[in-house]
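Reviewing the structure listed below.
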Amino acid sequence: MIEAKAQRRGMAFADAEAEALSKTSMRTYVTQRQLADQILLLCSERGRTIGGQAVSICGDTQMLM
């Protein structure tokens, strides 16, 4: 997605990536492993009392590019 936006806007990927990450307070990507870990937690005995919650796994993204 970042690469496509960089191409459309005629900018370098690194610049588009830095812009995208500047809109997340954690300044990093959410990995597939982190996503899987959150799913496993919610499905496990440890997560059994979590109900009716919206759990965002987005690196605290404030806005999309």
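Things worth noting here:
- Remark: pairs (first residue in the stretch 1-29, modelled with pLDDT under 90; second residue acidic (D, E) and not in a helix (DSSP H, G or I); Cβ separation under 8 Å; 6+ apart in sequence or on different chains) = T24/D60; S25/D60; M26/D60.
- Among the residues of the stretch 29-58, those that are under 11 Å from the mean Cα position of the chain (by Cα) and of a type outside the set (G, A, S) comprise Y29, V30, T31, Q32, Q34, L35, I57, C58.
- In the stretch 1-28, residue farthest from the chain's Cα centre (by Cα) [restricted to those that are farther than 22 Å from V55 by Cα and not in a helix (DSSP H, G or I)]: G10
- Condition check for T61 on (1) at pLDDT below 85; (2) surrounded by fewer than 10 Cβ atoms within 10 Å (Cβ to Cβ); (3) within 13 Å of the chain's Cα centre (by Cα): one failure, at (2).
- Taken over the stretch 29-55, the criterion of being outside any helix (DSSP H, G or I) and either exposed (fewer than 10 other Cβ atoms within 10 Å of the Cβ) or not aliphatic (A, V, I, L, M) (or both) is satisfied by Y29, T31, S44, R48, T49, G51, G52, Q53, A54.
The values are calculated or read from the model by the stated rules, or taken from the named source; none is laboratory data. Here the structure is a predicted model, which means the values were calculated and not measured. Ideal geometry is used to build each Cβ from the backbone, glycine not excepted, and the neighbour counts take in all protein chains shown.
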